1. Listed residues Glu24, Glu46; which is over 17 Å from Asp112 (Cα atoms) and more than 16 Å from the chain's Cα centre (by Cα)?
2. Got a number for residues in the stretch 96-128 being of a type outside the set (Gly, Ala, Ser) and away from the ligand (no atom under 12 Å from the Cβ)?
3. I'm told Glu24 meets every condition in (1) assigned to a helix (DSSP H, G or I); (2) over 30 Å from Trp152 (Cβ atoms) except one. Can you identify the failing condition by its number?
4. State all residues of the stretch 82-114 that are assigned to a loop (DSSP other than H, G, I, E, B) and touching a Ser or Thr at 6+ places or on another chain (Cβ under 8 Å); if no residue qualifies, say none.
5. Any residue at all in the stretch 136-151 that's under 17 Å from Lys35 (Cα atoms), of a type in the set (Gly, Ala, Ser) and without any contact (Cβ under 8 Å) to a residue 24 or more places away in the chain?
6. Hey, among Glu132, Glu55, which residue is touching a His at 6+ places or on another chain (Cβ under 8 Å), within 13 Å of the ligand (Cβ to nearest atom) and either over 30 Å from Tyr154 (Cβ atoms) or assigned to a helix (DSSP H, G or I) (or both)?
7. Looking only at the stretch 27-73, filter to residues that are touching a residue at least 24 places away in the same chain (Cβ under 8 Å) and β-branched (Val, Ile, Thr); which one of those is surrounded by the most Cβ atoms within 10 Å (Cβ to Cβ)?
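The values are calculated or read from the model by the stated rules, or taken from the named source; none is laboratory data. Note that the coordinates shown come from a computational prediction; the quantities given were computed from them, not determined experimentally. Using ideal geometry, Cβ is built from the backbone for each residue, glycine included, and neighbour counts are taken over all protein chains shown.
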Amino acid sequence: MSHHDERTFVMAKPDAVQRGVVGEIVSRLEGKGLKMVAGKFVQIDEELAHEHYGEHEDKPFFDGLVEFITSGPVFAMVWEGADATRQVRRMMGATDAQEAQPGTIRGDLGNDLGHNLIHGSDHEDEGANEREIDLFFDEDELVDWEQGTATWVYEDA
Ligand code: UDP
């Protein structure tokens, strides 16, 4: 079932934790048939924030972004499945939650550009998923388990 094992990094941001929608975010990803292989509730420090969002260092919103992402705990996760990185991005919706389509996580639960509830690795940035997983998790925190429903999610599992 090798092509069902693409991994992607996902994070419920501090606004999702404060607003009590971490469970709903997890629930939507579960509902899609994706498999959670790691999860932890963590407080991001300045250093990790700079590493994770390094690509945005020169952007005008960078300081505000670092302040936001370190403002409270996040729920960091790794999800696995066919085309997982792109599928999660589709489920997240547009970066600006005010513009995100209804039916997406940001479109249904958010109403702001910065406070947009969820991060998912960029599927157009080659290797972003592996890089971000490495930044947040040790190899032994990724759990190897069999998802009993996989044969019902995938025709060829
Ligand atoms: N962001 C912001 N202002 C902007 C653009 C982005 O505050 O003008 C924040 C927003 O929280 C976003 C994050 O910076 O999720 C990273 O931006 P990116 O363009 O990578 O969007 P994403 O991949 O999260 O959709």
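1. Residue meeting the stated conditions: Glu46.
2. Count: 6.
3. (2)
4. Step one: filter the stretch 82-114 for residues assigned to a loop (DSSP other than H, G, I, E, B), giving 82-83, 93-104, 110-114.
Correct list: Gly93, Ala94, Leu113.
5. yes
6. Details: Glu55 fails: touching a His at 6+ places or on another chain (Cβ under 8 Å).
Exactly one residue qualifies, and that residue is Glu132.
7. Filtering the stretch 27-73 for residues that are touching a residue at least 24 places away in the same chain (Cβ under 8 Å) and β-branched (Val, Ile, Thr), the one surrounded by the most Cβ atoms within 10 Å (Cβ to Cβ) comes out as Ile44.
A quick yes/no check of all residues on (1) among the β-branched types (Val, Ile, Thr); (2) in contact with a Gly (Cβ under 8 Å, 6 or more places away or on another chain); (3) within 18 Å of Phe136 (Cα to Cα); (4) at pLDDT below 95:
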position: Ser27; (1), (2), (3), (4): no, no, no, no
position: Val37; (1), (2), (3), (4): yes, no, yes, no
position: Ile44; (1), (2), (3), (4): yes, no, yes, no
position: Val74; (1), (2), (3), (4): yes, no, yes, no
position: Asp83; (1), (2), (3), (4): no, no, no, no
position: Arg90; (1), (2), (3), (4): no, no, no, no
position: Thr95; (1), (2), (3), (4): yes, no, no, no
position: Pro102; (1), (2), (3), (4): no, no, no, no
